[in-house]
Each structure stands twice: as C-alpha cells, then as structure tokens.
1. Given R₀ = 35 Å, FRET efficiency for residue 397-residue 289 by Cβ-Cβ distance, to 0.05?
2. What's the magnitude of the charge dipole for the chain around its Cα centre, counting Lys and Arg as +1 and Asp and Glu as -1 at the beta-carbon? Answer in Debye, nearest 20.
3. How large is the Kirkwood hydrodynamic radius of the range 324-397, in angstrom, based on all distinct alpha carbon pairs?
4. Multiply the residue separation of residue 153 and residue 36 by 0.36 nm, subtract the distance between their alpha-carbon atoms, and state the gained length in nm to one decimal.
5. Over the range 142-216, what relative contact order in percent results from Cα pairs under 8 Å that are six or more residues apart?
6. Which one of 290, 13, 269 has the biggest mean-square fluctuation once the chain is modelled by GNM with Cα springs under 10 Å?
7. Which length gain, in nm to one decimal place, applies between residue 215 and residue 333 when the Cα-Cα distance is subtracted from 0.36 nm times their residue separation?
8. Just from its helices, what would the mean residue ellipticity at 222 nm be for the chain, if runs of 4 or more DSSP H residues each count -39500 (n - 2.57) and the sum is divided by every residue, rounded to the nearest 500 deg cm²/dmol?
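What follows is calculated from the coordinates using simple rules that are stated; it is not laboratory data. The shown structure was predicted, so the numbers you read here are calculated from the model rather than taken from an experiment. Virtual Cβ from ideal backbone geometry, glycine too; neighbours counted across all protein chains shown.
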Amino acid sequence: MLVGVVGKANVGKSTFFKAATLAEVEIANYPFATIKPNHGIGFVKIECVCKEFNVQCNPRDGYSIDGNRFVPVDMIDVAGLVPGAHEGKGMGSQFLDDLNQADVLIHVIDVAGTTNEKGETIEPGNYNPASDIKFLEVELDMWYLRTLKKTWDKFSREVSQEHKEIEKAIAKQFSGLGVTEEITKDVIKQLNLKEKQMTEWSEDDLKSIATEFRKITKPMIIACNKIDMPSGQKNFEKLKKEFPDYTLVPCSAESELALKEAAKHELIKYIPGEDTFDVIEPDKLSDKQKQALEFIKTNILAKYKSTGVQDVLNKAVFDVLRYISIFPGGVGKLQDQDGNYIPDCFLMPPATTALDFAYRLHTDFGDNFIKAINVKTKLPVGKNHNLEHRDVIEIMSNK
C-alpha cells in the first residue's frame, strides 16, 4: 500500500507530509519547492490489543503510546500540480506519473483561500478552494484519458478483429493504471458499452471510462489545510454543503508539525490524533512557543478535536481503502523469542482470509496451512474465513 499526497503548489502539502512522517523535506513559501517526489513513513493509529490481554506491547515496527498502536505506512509527496498538468505544464506529466504508484490520494487544499490557481500567495479568502477540488479531478481524468488514447486505435482494432474478451484485454493493456478485469466489467456495464464494438466507442465514452477508472483506482480524501485561519473555517462549512459525498477533513498541518516537534524534544507529551497535550518542561518553552501552543489548544484542538493530520491518514487507510489490522499471536503465547509482547501488526486489504494472512506471514505457512485460531475467542477458523479489524490470529501449519 502506498499513500500519495497531492495538490496544487504552495498549499502546505509538504508541511502536511512532514507532519505525518517527520521526514526532512523542504518547506518553502513558493511554487515548486518540491521537484523530486519525497518518500517517507507515516503511521496509522489503532487501539492496540495489548489492553485486552493486559500486557505491554513492544512493536517491532512503528511505536506505541499508552495503548495506542502506530503502524507504519509508505507515503509519497509529489510536487504541486498546476492547471494543464496533464499536458506537461509545470512538469505535470512527471508528477502525475509519480502518483501512478499510489493506492489512495490525500488531496491537500488551502481551505483558507490564500493561494491562487498558480500556487501564488494572495490575501486570505480571495480564492475559492472548491476550484481546487474540481481542478485535480480534471487533471487526473485527462491524464487517464491520455494514457488510454496512446494505443487505443490500434488496440481496439486488434481486440475486435481477433474477437478477444474485451474485459480481459482492457485489464491486461491498462494494468499499469491499477485496472483489473473486475473493474473493467463493472465500468463497461455501468456505461452501457457492452453492446457496442470497441472501435465504435466515442471520445465521450473514453472520457467516461477514464473518469470511472480514476475514481476506482485512485480514491481520494480531501485534507482541508489551514483550517486555523478565519477564512478557512468559513470556507470549510461551504465546502461541506457543496461536496456532500466527499470525505473532507479539517486540518492544520502546521499545528501538527509544531506538536510533534515539541514532543520529539520532550517539551510536551502528545499522542497524535488526540485533542489535548501535556506540557512537560514549561521552563524550557519560550514565550513564542507558549503562545503557539495555547493557540493550537484553543483554536484547533478545542474546536476540531485534533489537528486533522492523523484523522486524514486513518480515514485514507481504514475508511477509503477499507484496510484492516491483524496481529499474529498464539493462544497463551503472545511473546516472540526475545520476550517481546505482540511485536507485529499487519495492515491487510478488505476481505482478507485466514489463508491470505498465512501467506502474508510466510509462503510455507500458506502452502502447508492446516487451520487458524482466533486467539481472542480461542476458536478455530477455516482458511476461507474473513478476518476482522484487530483480530489476533494463530496460524497452524505442517511447517
């Protein structure tokens, strides 16, 4: 799984990425501060099962705070896009190609309206952020369409002449976009294209296909950044009414970054995603730092119950992609050979079966699968049993 962070230039995208990952990236108040994509590790937050077993977990990857488990996810931050990106403007073709590997997109917008369509700084409230939501969808749709049309004429004639199965042929040809046979079947049925020859599909048909492929293979969540500004709060309420079917999350990446940096230097105790923090070393804080923390507490955490950064990442993984977390363990044995309790937690796609999980742990476990045991209930489950979020599973095999 790869989470992509995307958006217009200069909306706080790299600040969001750094707040999520604490990776060292350039943050600057001008367009195209990011040129090459940044890679980093973010963390989704779940309630660890260690509470239920009354033990202290020792994560091998990620970390734990007060029973909150933070599980790593790969993230990529590409340079800001501009209108016409699909035509190559602002190095847009390169940036869109970089995004192709992402499974879900976090679209960071400047909800306060302090940047225009070119990513240039303007007075707060002088730009409608709704335009950015629409702009990115258009750019992605046109990029998908461009990819389809590159080989379409020759490809469609070949499929028609050789009487190939349309769904299989399209899925194979455009697998690089994440298109599968099942996705293709659903889209063709939805657009009523089954009765037409591929060579007769119109330009509008291809545009519709491109849009549907994009919606399915690049699901999106909107991080409404700069919610800490008065114009941001006002615009956010408007966006909720204008885009009722979208996942919109109020967000202040600067606030999250400030809290994480303070926690990193042990000035405060802060659990990402929470609505409060505790000051540990008040004497080491400057007056400016104290004012900043008080602003965050009053204007962000009290109003929105979090800075939004953790919420965005959790919603992207668990609500949009519908991933689940699974802990390997054993009945009466939750420690590894080094004595660490519940050291591992795996993020798995929806409809993961016990057999899928066995293969995720090791090929031998899958090849020699006997049964699985739900450690919480101590009951056996079959190989085709669908696992649930926060299950603890023991795999029994011949190996």
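1. 0.05
2. Working: 51 positive and 60 negative charges, 90 e Å.
Dipole magnitude for the chain comes out near 440 debye.
3. By the Kirkwood definition, the hydrodynamic radius is 12.1 Å.
4. Extra length from residue 153 to residue 36 when fully extended: 38.8 nm.
5. With pairs under 8 Å counted, the relative contact order is 42 percent.
6. Largest GNM mean-square fluctuation: 290.
7. Result for the pair: 38.1 nm of gain on full extension.
8. On the way: 14 runs with 139 residues, N = 399.
Counting only the DSSP helices, I get -10000 deg cm²/dmol.
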